[in-house]
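Okay, structure first, notes after.
Every number here is computed from the coordinates shown, using simple stated rules; none is lab data. Fair warning: this is a prediction, and the values are worked out from it, not measured in the lab. All Cβ positions, glycine included, derive from the backbone under ideal geometry; neighbour counts span all protein chains shown.
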2 protein chains.
Amino acid sequence: MSKIVDGVFLESCPNLPSFGNNIQVEKVLLESKSDYQNVLVFSTKKHGNVLVLDGAIQCTEFDEFSYQEMITFLPLNAHGNPQKVLIVGGGDGGVAREVSKHPLVKEIVQVEIDQKVIDVSKKYLPGMAAGFDSPKLTLLVCDGFEYMKNHQNEFDVIITDSSDPVGPAENLFTESYFALLKKALKPNGVICSQGGTVWCCLDYIKKTLDGCRKHFKNVEYARCSVPTYPNGEIGFVIATDDQSLQLSKAKYVFTEKELDELRLKYYTPEVHTAAFALPNFVRQALKSSS
Amino acid sequence: MSKIVDGVFLESCPNLPSFGNNIQVEKVLLESKSDYQNVLVFSTKKHGNVLVLDGAIQCTEFDEFSYQEMITFLPLNAHGNPQKVLIVGGGDGGVAREVSKHPLVKEIVQVEIDQKVIDVSKKYLPGMAAGFDSPKLTLLVCDGFEYMKNHQNEFDVIITDSSDPVGPAENLFTESYFALLKKALKPNGVICSQGGTVWCCLDYIKKTLDGCRKHFKNVEYARCSVPTYPNGEIGFVIATDDQSLQLSKAKYVFTEKELDELRLKYYTPEVHTAAFALPNFVRQALKSSS
């Protein structure tokens, strides 16, 4: 279990309990429990404020940008013309912030199950919660499963920004969830979900991809660096039914001017493609069995 | 300072002391001091044996392959015809193991300053020390600076596998070191050096690259994942005087058969190219001032 000892937060990853990050706590700002999970926020000297849910670091102000930019612009730019976007989860507001930057996006719906995370982010992570101010956004506090059952054939891109598959996010990694995503998507839409870390959960990632492949014809896995996540990185499951779409290539290519204007710190068109070049042991393990 | 507390090794990175890895220790196998540095080896349940020099994890049996393969095959395959290779440092034997795999390499010279590291690796990291058994290798225990002064215009590739720029490796990051490398290289040879981590040492990396650019016309920076290094990754400075050489593209391209036969777990030709796609904040910071 993660804990604070002598002013140091020692994270314990459930999938690899013998290894994790430690980060010096300046001050505990909030220790609370929502209807769904334990919520902890603390400040640090070098990493800004840190949000922890059920013992797992969700984001630090220091490095949140890499995850937010990549889970957003990989699917949006692979799609090429993302006008209407659904965000499932993402209660800190960071993904909404990035999606709302995209010049082609006209309408964003976000469904987050836990009001507490939204409130906490508004208070302690204002740079991320800024995403909630976008005039393009409709924010709903409800269950993503229930919402999608009533909204079919509606979205160009659906991003699932969840915590790991323990606790409230457990259902967002199952085959039946991918079936729901497919129905809520327009034909040839693109999905992107948080997808775990190859260094400790390769079997789990393989199982998730296999579930996804039952509903989408074109399924890939990509990665990005996040120093304060276990093993220093995180992956994404990205999929579409459009077999002609090369997910590893940005179809909408940001110009240098756009990269500047959108204040992108991690994503570039080259980083997009590079994210899909998997280490050989990962590439071998995740090969489609078909 | 790094320390073992209640059976957990808490690493403290000198550049970012408020953040680091923690890893459960199964058994301390060696705690010693060489003429140059403090040496610690411990076993773990999930990461195999771990070598620590002056408080910094140098390698774990779990994930050493990514660093060894990348610091080796980036320069060897960018060069295209690496027949004679010099390794400076690399006392654990892992780089020698990888270099000796390359089908074009005929002769390897390795200069390591600390006999103790070689002995410790032979005893506790046999999978890495296996590199010392290569019939292609001449292993010398001496100072890399001194060796290169007497060997000019001799090597196709020089790999500097050092610890961080504190302690015995301090001199391997200076401009004068790059001047020495250039003289020891054949014209159009390629160098590759351990190059720090962008998440905590970007200013330092910029300074190192600027020093390198004073002696080489074509200088790049690349990265790979190493979960047990601070921030989960490490970078490489890679350079040549051959302006026509595209360092980010493998000139010698491993076939699928070779990837299998050489038992490569991380490196592929696609991973080679992807390693040079830098996050936007890094790309901006490291731009050549010229």
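Overview of results
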read-out: Number of partner chain Cβ atoms within 10 Å, mean per residue of A:229-240; value: 2
read-out: Cβ-defined net charge surrounding A:Glu26, 14 Å radius [Lys, Arg +1; Asp, Glu -1]; value: +1
read-out: Rounded to 5, percent antiparallel among DSSP beta bridges of chain B; value: 65 percent
read-out: Cα pair distances exceeding 49 angstrom across the protein assembly as shown, given as percent; value: 10 percent
read-out: Average projected area [Cα convex hull, the stretch B:128-237], square nanometres; value: 7.6 nm²
read-out: Per-residue mean of C-beta atoms belonging to partner chains within 10 Å, peptide A:262-271; value: 4
read-out: Copy-to-copy label separations for B:Lys122, where each label sits 7 Å from Cα toward Cβ, in nm and ascending; value: 6.7
read-out: For B:Val253, A:Val198, order by how many other beta-carbon atoms lie within 10 Å, fewest first; value: B:Val253, A:Val198
read-out: B from A by rotation - nearest chain A beta carbon to the axis, in Å; value: A:Gly232, 1
read-out: Amide H partners (placed H, <5 Å) of A:Val8, local residues excluded; value: A:Val25
read-out: Exam field: A:Val253 pseudo-label spacings to other copies (7 Å along Cα-Cβ), nanometres; value: 2.0
read-out: Shielding score for A:278-285, defined as the mean number of other chain Cβ atoms within 10 Å; value: 6
read-out: Rounded if a/c under 1.5, otherwise prolate or oblate - the stretch B:61-111, Cα gyration tensor axes; value: oblate
read-out: Average Cα contact separation per residue, the stretch B:21-134, under 8 Å, 6 or more apart, as relative contact order %; value: 19 percent
read-out: Environment charge at A:Ser225 (Cβ cut-off 13 Å; Lys +1, Arg +1, Asp -1, Glu -1); value: -2
read-out: Formal net charge of residues neighbouring A:Glu64 (Cβ-Cβ distance under 12 Å; K, R +1; D, E -1); value: -4
read-out: Karplus-derived 3J(HN,Hα), 6.51/-1.76/1.60, for each residue of the stretch A:158-165, Hz, glycine and proline x; value: 10, 10, 10, 9, 10, 6, 5, x
read-out: Residues whose placed amide H lies under 5 Å from that of B:Cys59, excluding near-sequence neighbours; value: B:Leu51
read-out: Cα-Cα separations in the stretch A:233-287 greater than 19 Å, expressed as whole percent; value: 41 percent
read-out: Shape call, chain B: gyration tensor on alpha carbons, a/c limit 1.5; value: rounded
read-out: Long-range HN-HN contacts of B:Glu154 with modeled amide H, under 5 Å; value: B:Leu185, B:Lys186
read-out: Shape parameters for the stretch A:1-74, alpha-carbon atoms, Rg then Dmax in Å; value: 12.8, 40
read-out: Label geometry 7 Å along the beta-carbon vector: A:Asp210 inter-copy distances in nm; value: 5.4
read-out: The stretch B:190-290 - convex hull of alpha carbons, volume per residue in Å³; value: 104 Å³
